[in-house]
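Asker: Below: one structure in structure tokens.
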Amino acid sequence: MNFSMQGITYNAYINGLRIQYFMKLYTKLYRETDALQKPQTVQQLASQSGFRSYSTFSGAFKQMMGMTPTEWMRNLKK
């Protein structure tokens, strides 16, 4: 895959894949988590998605989705 021809950097591509994975994880856990169970934190899910730093994840998420992870999660609950 030639990233420059698609107007995207390698890091942006990888971060996009990681964010998609995070969204799938969160959506699945949101549907399956019992109210009595302690849900995993956003930081834990970001780490499981391949991000070493929450601030990197949050910045990449906002750049890709146009909103913060917290805003996205609030919208999911609506």
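Asker: Tell me, in nm to one decimal, what length is gained between N11 and S55 on full extension, where the rule is 0.36 nm per residue of separation less the Cα-Cα distance?
Answerer: 14.3 nm
Asker: What whole-number value in Å² describes the accessible area per residue of the chain for a 1.4 Å probe?
Answerer: It amounts to 74 Å² per residue over the chain.
Asker: Which FRET efficiency value, to the nearest 0.05, do you get for S4 and K24 by plugging their Cβ-Cβ distance into 1/(1 + (r/R0)^6) with R0 = 25 Å?
Answerer: My answer for the efficiency is 0.35.
Asker: Grab the DSSP H runs of the chain that are 4 residues or longer, score each as -39,500 (n - 2.57), total them, divide by all residues and round the 222 nm result to the nearest 500 deg cm²/dmol.
Answerer: Taken over the chain, the calculation gives -20500 deg cm²/dmol.
Asker: In the chain, carbon and sulfur make up what percent of the accessible area (probe 1.4 Å)?
Answerer: The nonpolar share, carbon plus sulfur, comes to 51 percent.
The values are calculated or read from the model by the stated rules, or taken from the named source; none is laboratory data. Quantities reported herein were computed from a predicted structural model and do not represent experimental measurements. Reconstructed Cβ throughout: ideal geometry from the backbone, glycine too, with neighbour counts over all protein chains shown. Calculation scope for accessible area: heavy atoms of the full protein, side chains included, ligands and nucleic acids excluded. Shrake-Rupley method; radii C 1.70, N 1.55, O 1.52, S 1.80 Å.
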